[in-house]
Amino acid sequence: MEKKNLDWANIGFSYIQTDKRYVSNYKNGAWDEGTLTSDAAIMLSECAGVLQYAQTCFEGLKAYTTEDGRIVTFRPDQNAKRMMNSARGLEMPEFPEERFLDAVEKTVAANAAYVPPYGSGATLYIRPYMFGSSPVIGVKPAAEYQFRMFATPVGPYFKGGVRPLTIRVSDFDRAAPNGTGHIKAGLNYAMSLHAIVSAHEEGYDENMYLDPKTRTKVEETGGANFLFVTKDHKIVTPKSSSILPSITRRSLVHVAKEYLGMEVEEREVLLSEVQEFAECGLCGTAAVISPVGKIVDHGKEICFPSGMEKIGPVTQKLYDTLTGIQMGRIEAPEGWLREIPIK
Ligand code: PLP
Ligand code: COI
């Protein structure tokens with residue numbers, strides 16, 4: 001299989017249309033068998049549930065080329081389960097895990113020429129999503145849905161690759177205390193658009209959202225969870241019912257405990273204690289683990305000892321171990337990598 005002629009080392013985190021995408025429709029209480037299509041366009045009713053009341057959720061996962069030339073995906077079963085949970089939260093039908101895994105396999109295999117080569121620094125980002133497709137005008141769930149999955153090659157999420165980021169404490173909230181913060185609803189991301197545009201305008205890479213109830217505790221950013229490292233080399237990560245349970249974070253917690261022998265605490269993290277930490281990172285599928293050098297809280301600067309020049313030593317170890325597992329250089333825990341059979 002010949003790879004596409006793309007400048008792999010220099011692609012950013014943006015959409016590049018690939019050859020095939022997966023589609024399945026839900027009607028009369030059941031999903032159809034699903035198929036791959038070349039058509040990247042969607043035709044919808046003007047009154048579709050997704051257009052009127054944002055009834056949509058999505059996922060994000062990646063495929064990698066390993067050192068020995070296989071194509072693998074990372075923990076897709078976890079994305080399948082989280083998407084089922086998101087669907088339940090939005091009164092949508094679940095797309096079954098086995099169907100999801102089959103769709104991942106088909107979508108990646110059909111676009112194998114777009115899976116970036118080993119060592120290029122790029123990966124294939126897979127975007128499963130589901131939306132209400134039939135008309136609704138009273139506020140209620142749609143009767144019909146479409147599940148789709150496309151793939152697009154991507155480089156680093158933050159411009160400039162792995163470099164310490166500067167973020168600000170946001171005055172906006174991304175989720176309500178008893179709302180949809182813990183599921184991957186499109187509306188959470190709509191909520192964050194004004195905040196991210198204004199953060200960028202003011203020269204920040206991202207927003208740190210606080211808990212919307214008391215505004216004293218650290219939640220997450222628009223697209224990643226926080227991991228902190230204490231001065232005595234423990235990992236601390238915020239616990240909250242209104243953040244998205246990151247699969248990358250769960251994986252890094254395992255890596256820290258089982259591969260690096262570190263202690264990990266998942267607990268509430270007060271904004272006022274952040275200045276005590278030695279390192280800070282943002283973790284997610286797109287972000288991998290991106291180091292934070294500085295947090296600005298309304299003019300007050302919290303500068304981590306790891307500085308603005310380079311990634312901190314513990315964050316670097318976590319990054320190297322996780323990407324080593326994903327690229328097949330370090331043995332993965334049972335079930336973390338799913339190989340895509342390529343004909
Ligand atoms: N938090 C938010 C709000 C996200 O959008 C994401 C990305 O999916 C994450 C955290 C990280 O989750 P994961 O590691 O499963 O990609
Ligand atoms: C991901 O990391 O997959 C996400 O969905 C985050 C998104 C903001 C790009």
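The values are calculated or read from the model by the stated rules, or taken from the named source; none is laboratory data. None of these values were measured; they are calculated from a predicted model. Cβ: placed from backbone, ideal geometry, glycine included. Neighbour counts: every protein chain shown.
Conditions tested, residue by residue: (1) of a type in the set (A, V, I, L, M, F, W, C); (2) surrounded by fewer than 16 Cβ atoms within 10 Å (Cβ to Cβ); (3) in contact with a helix residue (DSSP H, G or I) (Cβ under 8 Å, 6 or more places away or on another chain).
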| site | (1), (2), (3) |
| --- | --- |
| G160 | no, yes, no |
| K184 | no, no, yes |
| K234 | no, no, no |
| S241 | no, yes, no |
| R249 | no, no, no |
Problem set entry | Output for the range 76-97, where each listed residue is surrounded by fewer than 22 Cβ atoms within 10 Å (Cβ to Cβ) and more than 13 Å from F147 (Cβ to Cβ) | D77, Q78, K81, R82, N85, R88, G89, E91
Exercise. Inside the range 34-73, can you point out the residues that are assigned to a helix (DSSP H, G or I) and in contact (Cβ under 8 Å) with a residue 12 or more places away in the chain?
Worked result: G49, V50, Q52, Y53
Exercise. Using beta carbons and a limit of 7 Å, which pairs, at least six apart or on different chains, have the first residue in the range 222-233 and assigned to a loop (DSSP other than H, G, I, E, B) and the second one within 16 Å of ligand 2 (Cβ to nearest atom) and basic (K, R)?
Worked result: G222/R174
Seminar exercise, completed: Just one listed residue, out of P245, P313, is within 16 Å of ligand 2 (Cβ to nearest atom) and modelled with pLDDT of 95 or more, and it is P245
Problem set entry | Check on A87, among the small types (G, A, S) and under 25 Å from A122 (Cβ atoms) | no
For this session: Take the range 26-75 and flag every residue that is surrounded by 20 or more Cβ atoms within 10 Å (Cβ to Cβ), within 16 Å of ligand 2 (Cβ to nearest atom) and hydrophobic (A, V, I, L, M, F, W, C).
Result: C57, L61, A63, F74
Exercise. Which of the residues that make up the range 255-266 are under 26 Å from P212 (Cα atoms) and more than 21 Å from the chain's Cα centre (by Cα)?
Worked result: V264, E265
Seminar exercise, completed: Result of the Cβ filter at 7 Å on the range 5-33, keeping first residues that are in a strand (DSSP E or B) and partners that are polar (S, T, N, Q), at least 6 apart or interchain, is R21/T37; R21/T107; Y22/T107; V23/T35; V23/T37; V23/Q146; N25/Q146; W31/S24
Exercise. For the range 162-182, which residues satisfy the criterion of being buried (at least 20 other Cβ atoms within 10 Å of the Cβ) and touching a helix residue (DSSP H, G or I) at 6+ places or on another chain (Cβ under 9 Å)?
Worked result: I167, R168, S170, D173, R174, A175, T180, G181
For this session: Scan the range 131-162 for residues that are out of contact with any Leu (no Cβ under 8 Å at 6 or more places or on another chain) and not in a loop (DSSP other than H, G, I, E, B) and jot them down.
Result: F131, G132, P135, Y145, Q146, F147, R148, M149, F150
For this session: Determine whether P76 is within 24 Å of G179 (Cβ to Cβ) and either out of contact with any strand residue (DSSP E or B) (no Cβ under 9 Å at 6 or more places or on another chain) or touching a residue at least 24 places away in the same chain (Cβ under 8 Å) (or both).
Result: no
Exercise. With respect to the numbered conditions (1) within 16 Å of ligand 2 (Cβ to nearest atom); (2) of a type outside the set (K, R); (3) not in a helix (DSSP H, G or I), which one is the sole condition not fulfilled by M262?
Worked result: (1)
Exercise. Residues A256, A287: which one is within 16 Å of ligand 1 (Cβ to nearest atom), touching a Phe, Trp or Tyr at 6+ places or on another chain (Cβ under 6 Å) and within 24 Å of P156 (Cβ to Cβ)?
Worked result: A287
For this session: Out of K294, K300, report the one residue that is of a type outside the set (A, V, I, L, M) and touching a residue at least 40 places away in the same chain (Cβ under 8 Å).
Result: K294
Exercise. Has the range 310-324 got at least one residue that is in a strand (DSSP E or B) and without any contact (Cβ under 8 Å) to a residue 24 or more places away in the chain?
Worked result: no
